[in-house]
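> Have a look at the structure that comes next, please.
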């Protein structure tokens, strides 16, 4: 059975119909995801609440970045949650160039990315990470623009693809990421 996607729907899942064949459940863009929850819930395109799936941590690898000042791109996906770069916890740290700095990593295969968790530096320059965009395969799914620095922040994403990218939207500014974790489901 093949599920068709309607314009107002963001995702499709094939549900068991009590042994009589599959039923398409079209999920709206209002997917409620909590990385520690046992399952995500969504509203299907008829307005009914449905149990969708349990988000999993997606393995990120094969990273690259626009430039490197300290550390390397792998520091953002090495599993270390330490946020004090000056005390020896090496975060990924680009140079500050005229262009918009970026960092990206690949997923094992095509995936639905439901949430991206970013760990920011917490020593003396946490305010650098205050205007950036998150995209999957070139389609922006989340952004942040604030004068308020954050320590750890979850960004709902709801995008399908193989490459996760964080782009600094200020030119001539460093991009520093201590850890990037993506949650979702491989397709």
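> Take 54, 165 and order them by how many other Cβ atoms sit within 10 Å, fewest up front. Numbers along the way, then the final one.
Values: 54 13, 165 19.
So the residues, fewest neighbours to most, are 54, 165.
> How do 128, 121 line up, fewest other C-beta atoms within 10 Å first? Each step should come with its number before you reach the end.
Working: 128 19, 121 23.
If I rank by nearby Cβ atoms, fewest first, I get 128, 121.
> Viscosity 1.567 mPa s, temperature 4 °C: Stokes-Einstein D of segment 57-186 from its Kirkwood Cα radius, in µm² per second? List each step's numbers first, then the result.
Working: Rh = 14.3 Å.
Translational diffusion coefficient: 91 µm²/s.
> Okay, next question. In whole angstrom, how far apart do the alpha carbon centroids of segment 142-157 and segment 102-122 sit?
What the calculation gives is 13 Å, centre to centre.
> May I ask you to sort 175, 69, 81 by Cβ crowding, counting other Cβ atoms within 10 Å and putting the fewest first? Before the final figure, lay out each step's value.
Details: 175 26, 69 15, 81 12.
Ranked by crowding around the Cβ, least crowded first: 81, 69, 175.
FYI, it's all coordinate maths here, none of it is from the lab. Quick caveat, the model's predicted, so the values are computed rather than measured. Cβ sites come from the backbone with ideal geometry, for glycine too, and all protein chains shown count toward neighbours.
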